[in-house]
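One structure is given below, encoded as structure tokens.
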Amino acid sequence: MKASLLLLLLTATVPAFAFDDGPSDVGNQTVRYLSWCEQNAVVQEGRGGQVVIKADCSAKGLRCVETERPMGGERVVYATCSAR
């Protein structure tokens, strides 16, 4: 029971990273979307350009949250399933 709870907590907090085709320019800041929230799911762009669901937050009783962080000379956005 403890092992499955720990596994659930780890999966809920690990970001779902993606392979994207490149950054987007927003004003003077470059923003790279690794993954994003769509209908309470973590999604990303697949290698062929299609949108792929990486995690269904609703099925886990969680909500999808996007986080933006500076990385090098750009801003990186990624999504995770979170209890908050």
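Couple of notes before you dig in:
- Amide H within-cut-off set for residue 75, under 5 Å, with H built and near neighbours excluded: 30, 31, 32
- For the range 62-75, 3J(HN,Hα) computed residue by residue from phi via the Karplus equation (6.51, -1.76, 1.60; θ = phi - 60°) reads 10, 10, 7, 10, 9, 10, 10, 9, x, 8, x, x, 9, 10 Hz, glycine and proline entered as x.
- The slack between residue 39 and residue 66, meaning 0.36 nm per residue of separation minus the straight C-alpha distance, is 8.5 nm.
- Electrostatic bookkeeping for residue 38 treats Lys and Arg as +1 and Asp and Glu as -1; over the other residues with beta carbon under 13 Å from its beta carbon, the sum is -1.
FYI, it's all coordinate maths here, none of it is from the lab. None of these values were measured; they are calculated from a predicted model. As a convention, Cβ positions derive from the backbone with ideal geometry for all residues, glycine included, and neighbour counts pool all protein chains shown.
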